[in-house]
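Down below is the structure, laid out as structure tokens.
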Amino acid sequence: MDIQDLAAIAQQMVAQGKGIIAIDESSKTIKKRFDQVGIDCTEDTRRAYREMLLTTPNLGDHISGAILYDETLRQSTRTGQRFVDAMHAAGILPGIKVDLGTVGLAGFPGELITEGLDGLRERLKEYVGLGARFAKWRAVITIGDDMPSAACIDANTHALARYAALCQEAGIVPMVEPEVLMDGDHDIETCFDVTEAALRSLYAALYEHNVFLEGSILKASMVLPGKHCEEQADIDEVAEATLMCLRAAVPAAVPGIVFLSGGQSDEMATAHLNAMSQMGPHPWPLSFSYGRAMQSAALKLWARDMVGNFSAAQQTVAQRAKENGLAALGQWRA
């Protein structure tokens, strides 16, 4: 694939009024979600759930792409159509989570590093053959006493840069995600400083590894106080802090920024995106790449009756997609 083709795919991922649905939970993580709503976690129930999400009528009106788990990329609908083919028919780009999760960072108790670089070149070749057009790698930055360390930030952004270079070599658009966790009692100013440091380190590493920025996407966390902070920020304060941080650290060459919901409620994730969109114009399109904030209401409904509530759950998914699509335009109303 020509390098300019990567730029075209990246632009498609952040098309006006559209965003990305993240349904890339590992089998371990989705089991936790299923346990909460009383569903047995089997290959068939996972397949059925993801079919409900991906075959939602008119999903492509507000969703440009979906991040899948390895298992899902290989699965098909009840009628035998590959999920990837169903997505292409709906105008939705298939993406794939390629990191293998986090482990403790040796020498730095409480901090994490993401694994998965070993063998990634070969896995990416297979994913291209299976139909993936973009990929995602998530790094995790924890705020706490004397955390994050510079070593943690640098190790994670170095891994993100190596992953991104391998993706582009394989003809896949890399989505780079340095998530700053909401866990803790830190204030919004601390989150701002950590997020800016992580983003500056990330783009320095991407530059050093010859990553073509125009063929990449940033998946960013919003600048938020910790969920246990006594002083929570209002919607406009979060929006202003997030935009100021991004403008300070993210090059204008990046074709788009999509936000993760990161533990926010469905409505707050939408409200924050809407507020930022209204504060434009920006150097890059802003949109969403939500997981739980797109799925949680539909999962609860579907779990009560997997057959009888199939269509009703899809309507819930479509509604959440529409609301977030409007928020990406600054046109959402609570």
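If you go through the range 67-77 one residue at a time, do you hit one that is touching a residue at least 12 places away in the same chain (Cβ under 8 Å), β-branched (Val, Ile, Thr), in a strand (DSSP E or B) and under 20 Å from Tyr127 (Cβ atoms)?
Within the range 67-77, one or more residues are touching a residue at least 12 places away in the same chain (Cβ under 8 Å), β-branched (Val, Ile, Thr), in a strand (DSSP E or B) and under 20 Å from Tyr127 (Cβ atoms).
Restricting to the range 238-264, count the residues that are in contact (Cβ under 8 Å) with a residue 40 or more places away in the chain and within 15 Å of the chain's Cα centre (by Cα).
8
Any residue that is in contact (Cβ under 8 Å) with a residue 60 or more places away in the chain and under 18 Å from Ala22 (Cβ atoms) - is there at least one of those in the range 150-166? Working first, answer last.
So the first thing to find is which residues in the range 150-166 are in contact (Cβ under 8 Å) with a residue 60 or more places away in the chain, and the list is 163.
Remaining after also requiring under 18 Å from Ala22 (Cβ atoms): 163.
Yes: the range 150-166 contains one or more residues that are in contact (Cβ under 8 Å) with a residue 60 or more places away in the chain and under 18 Å from Ala22 (Cβ atoms).
Which of the residues belonging to the range 28-42 are over 15 Å from Trp302 (Cβ atoms) and surrounded by 13 or more Cβ atoms within 10 Å (Cβ to Cβ)?
Answer for the range 28-42, where residues must be over 15 Å from Trp302 (Cβ atoms) and surrounded by 13 or more Cβ atoms within 10 Å (Cβ to Cβ): Thr29, Lys31.
Do the conditions hold for Leu6, that is, is it touching a helix residue (DSSP H, G or I) at 6+ places or on another chain (Cβ under 9 Å), at pLDDT 95 or above and within 18 Å of Ala312 (Cα to Cα)?
no
Got at least one residue in the range 194-212 being touching a Leu at 6+ places or on another chain (Cβ under 6 Å) and small (Gly, Ala, Ser)?
Looking through the range 194-212, none of the residues is touching a Leu at 6+ places or on another chain (Cβ under 6 Å) and small (Gly, Ala, Ser).
Could you list, in sequence order, all residues of the range 164-221 that are at pLDDT below 95 and either charged (D, E, K, R) or at negative phi (or both)? So that I can check it myself, show each step before the final result.
First, pick out the residues of the range 164-221 that are at pLDDT below 95: 182-185.
Correct list: Met182, Asp183, Asp185.
Please tell me if Thr102 is closer than 21 Å to Arg33 by Cβ and of a type in the set (S, T, N, Q).
yes
Only one residue in Ile63, Ile96, Ile21, Ile92 is over 26 Å from Val307 (Cβ atoms), in contact with a strand residue (DSSP E or B) (Cβ under 6 Å, 6 or more places away or on another chain) and of a type outside the set (S, T, N, Q), so which one is that?
Ile96
What do you reckon, is Pro57 of a type outside the set (Gly, Ala, Ser), in a loop (DSSP other than H, G, I, E, B), surrounded by fewer than 22 Cβ atoms within 10 Å (Cβ to Cβ) and in contact (Cβ under 8 Å) with a residue 24 or more places away in the chain?
Working: of a type outside the set (Gly, Ala, Ser): yes; in a loop (DSSP other than H, G, I, E, B): yes; surrounded by fewer than 22 Cβ atoms within 10 Å (Cβ to Cβ): yes; in contact (Cβ under 8 Å) with a residue 24 or more places away in the chain: yes.
Here the answer is yes, as Pro57 does meet what is asked.
Looking at the range 193-237 only, could you name the residues that are under 19 Å from the mean Cα position of the chain (by Cα), closer than 29 Å to Trp332 by Cα and among the hydrophobic types (A, V, I, L, M, F, W, C)?
Matches in the range 193-237: Leu199, Ile217, Leu218, Ala220, Met222, Val223, Leu224.
Has the range 136-158 got at least one residue that is surrounded by 23 or more Cβ atoms within 10 Å (Cβ to Cβ) and assigned to a loop (DSSP other than H, G, I, E, B)?
Yes; the residues of the range 136-158 include at least one that is surrounded by 23 or more Cβ atoms within 10 Å (Cβ to Cβ) and assigned to a loop (DSSP other than H, G, I, E, B).
Which condition number does Gly291 fail, the rest of (1) buried (at least 17 other Cβ atoms within 10 Å of the Cβ); (2) modelled with pLDDT of 95 or more being met?
(2)
Being surrounded by 15 or more Cβ atoms within 10 Å (Cβ to Cβ) and outside any loop (DSSP other than H, G, I, E, B) is the filter; apply it to the range 89-107 and report the residue that is farthest from the chain's Cα centre (by Cα).
Out of the qualifying residues, it is Thr102.
Looking at the range 265-272, can you tell me whether even one residue there is touching a residue at least 24 places away in the same chain (Cβ under 8 Å), part of a strand (DSSP E or B) and surrounded by fewer than 24 Cβ atoms within 10 Å (Cβ to Cβ)?
No - not one qualifying residue is present in the range 265-272.
If you go through the range 108-128, how many residues are in contact with a helix residue (DSSP H, G or I) (Cβ under 7 Å, 6 or more places away or on another chain), more than 27 Å from Tyr290 (Cβ to Cβ) and not in a helix (DSSP H, G or I)?
Adding up the residues that qualify gives 1.
The values are calculated or read from the model by the stated rules, or taken from the named source; none is laboratory data. Quick caveat, the model's predicted, so the values are computed rather than measured. As a convention, Cβ positions derive from the backbone with ideal geometry for all residues, glycine included, and neighbour counts pool all protein chains shown.
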